[in-house]
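*Asks:* Input: one structure, supplied below.
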Amino acid sequence: MARLIEAIVAFGPKLIYGRTANLDDIALLLSKRSGLSALDAEMALRELSGAVIHQLRSGQPVKLPGIGRLRATVGRGGKMRVHVMPDVALVKALNAPGTYRGEMANRARIGLDDAGYKALWDGVHPEDPLEVAVGAAGAAPTVR
């Protein structure tokens, strides 16, 4: 029997990503919003990266208001990693109703309950029915 996660992956809402914004894109937008020249904004962004690396190498977590908190971690083999915890304001801004302008597949399925996923899955895969717990509401919170 199929599992619920398989149905969610196959039929659930998905963001369709556009081109990744690069340093030039962010510097240009920052220059328009701040009054800095695009070149000054790019230089500041490059310096920000270097400053964050410096602080992390010194054992200091870095908090960037509106962006998040970064801290270095180390694995048992000694490999360093960076843990990023997004700022609550960033997450709230992204989840503000009606503000997402990017493309999304299966948008109408936001909030679909387990029974809805079972119906979709079983309709396409009758030979491998979806296993859903009896009486499970399973509705996800609706965020549009």
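*Asks:* Considering each of 120, 112 in turn, give the residue that is on the phi < 0 side of the Ramachandran plot, assigned by TED's automatic domain parsing to the domain that holds residue 5 and in contact with a Phe, Trp or Tyr (Cβ under 6 Å, 6 or more places away or on another chain). Before the answer, list the steps.
*Replies:* Working: 112 fails: in contact with a Phe, Trp or Tyr (Cβ under 6 Å, 6 or more places away or on another chain).
Sole residue among the options that is on the phi < 0 side of the Ramachandran plot, assigned by TED's automatic domain parsing to the domain that holds residue 5 and in contact with a Phe, Trp or Tyr (Cβ under 6 Å, 6 or more places away or on another chain): 120.
*Asks:* Can you tell me which residue in the range 1-44 is surrounded by the fewest Cβ atoms within 10 Å (Cβ to Cβ), limited to those that are small (Gly, Ala, Ser) and part of a helix (DSSP H, G or I)?
*Replies:* Checked the range 1-44; the qualifying residue surrounded by the fewest Cβ atoms within 10 Å (Cβ to Cβ) is 34.
*Asks:* If the Cβ limit is 6 Å and pairs must be 6+ apart or interchain, which residue in the range 62-75 that is without any contact (Cβ under 8 Å) to a residue 24 or more places away in the chain and over 17 Å from residue 90 (Cβ atoms) pairs with which residue that is among the aliphatic types (A, V, I, L, M) and surrounded by fewer than 16 Cβ atoms within 10 Å (Cβ to Cβ)?
*Replies:* Cβ pairs passing all conditions: 72/80; 74/80.
The values are calculated or read from the model by the stated rules, or taken from the named source; none is laboratory data. No experiment lies behind these values; they were computed from the predicted model shown. Cβ atoms come from the backbone with ideal geometry, glycine included; neighbour counts cover every protein chain shown.
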